[in-house]
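Peer 1: Let me give you the structure first, and then I'll get to my questions.
The values are calculated or read from the model by the stated rules, or taken from the named source; none is laboratory data. This one's a predicted model, so the numbers in the text were calculated from it and none came from an experiment. Quick reminder, even Gly has a Cβ in these numbers, built from the backbone with ideal geometry, and neighbours come from all protein chains shown. Note: accessible area is taken over every heavy atom of the protein model, side chains too, but ligands, DNA and RNA are not part of it. Shrake-Rupley method; radii C 1.70, N 1.55, O 1.52, S 1.80 Å.
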Amino acid sequence: EKGGESFVNISLKSSGESIDFLVENSIPQEQLTKDKHGGIGLKNVQKRLNILYPDKHKLTIDKENTFKVYLQVTRS
């Protein structure tokens with residue numbers, strides 16, 4: 001069954017000091033085939049964050065039971 005147990009959870013919180021963004025999704029049971037351009041998205045995101053928000057961001061990526069990305073951008 002396609003997408004039977006699939007899920008995506010998105011959370012965005014903003015305060016005076018930071019923006020916290022969390023995305024969590026299920027991991028497919030079968031490995032997806034990437035095309036010749038696949039696999040560089042996260043590296044590009046990390047490079048852009050370093051350019052735009054040097055020393056003002058925290059990016060955590062966890063692939064244990066789910067695929068979870070947490071990004072915090074601070075003002076100072």
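Peer 1: As an exercise: evaluate ILE27 against (1) surrounded by fewer than 10 Cβ atoms within 10 Å (Cβ to Cβ); (2) at pLDDT below 95; (3) out of contact with any Asp or Glu (no Cβ under 7 Å at 6 or more places or on another chain) and give the number of the one condition it does not meet.
Peer 2: (1)
Peer 1: Restricting to the range 46-67, name every residue that is open to solvent by less than 70 Å² (accessible area, probe 1.4 Å) and within 11 Å of the chain's Cα centre (by Cα).
Peer 2: Residues satisfying the conditions are LEU59, THR60, ILE61, ASP62, PHE67.
Peer 1: Another question, then. Go through the range 36-58 and report how many residues are closer than 19 Å to SER18 by Cβ, out of contact with any helix residue (DSSP H, G or I) (no Cβ under 6 Å at 6 or more places or on another chain) and in contact (Cβ under 8 Å) with a residue 12 or more places away in the chain.
Peer 2: Residues in the range 36-58 being closer than 19 Å to SER18 by Cβ, out of contact with any helix residue (DSSP H, G or I) (no Cβ under 6 Å at 6 or more places or on another chain) and in contact (Cβ under 8 Å) with a residue 12 or more places away in the chain: 6 in total.
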